[in-house]
Amino acid sequence: MAPFAPLRDSAVTDIQSPDIFNIKPSEANTMKSDTHPDYHTIKVVMTDGTEFETRSTWGAEGDTMTLDIDPTSHPAWTGGGGRLVDTAGQVAKFNRRFKDFGIK
């Protein structure tokens, strides 16, 4: 005796059929109206001046998104060539606070 009973052919077709969810085939691939944001074409300008068009829900049709940081300028994508500056002095503040622990 086999440990598992084979699936009936009708069981596979029942799972794939949209009528088990009480959905008519014409409604199976349609989105609800008034629930999805407007998806339109915008222009994106990168930090080096290059431009490209993409589709987005940001802004309105034909708007321009100007990037401050992108893959051509961010250290995470450029290999970390630039050094992030500790403008608030947080590292110095940490070192002063925990200098008596003897950890270097």
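The values are calculated or read from the model by the stated rules, or taken from the named source; none is laboratory data. Model, not experiment: these values are computed from the prediction. Backbone-built Cβ (ideal geometry, glycine too); neighbour counts: all protein chains shown. Heads up: the accessible areas ignore ligands, DNA and RNA and are worked out on the full protein's heavy atoms, side chains in. Shrake-Rupley method; radii C 1.70, N 1.55, O 1.52, S 1.80 Å.
How many of the residues in segment 34-51 are open to solvent by 90 Å² or more (accessible area, probe 1.4 Å) and either part of a strand (DSSP E or B) or in contact with an Asp or Glu (Cβ under 7 Å, 6 or more places away or on another chain) (or both)?
So the answer is 1.
Being modelled with pLDDT of 80 or more and of a type outside the set (Ser, Thr, Tyr) narrows it down to one residue among Ile69, Ile103; which is it? Explain how you work it out, then say what you get.
Numbers: Ile103 fails: modelled with pLDDT of 80 or more.
After ruling out the rest, the residue left standing is Ile69.
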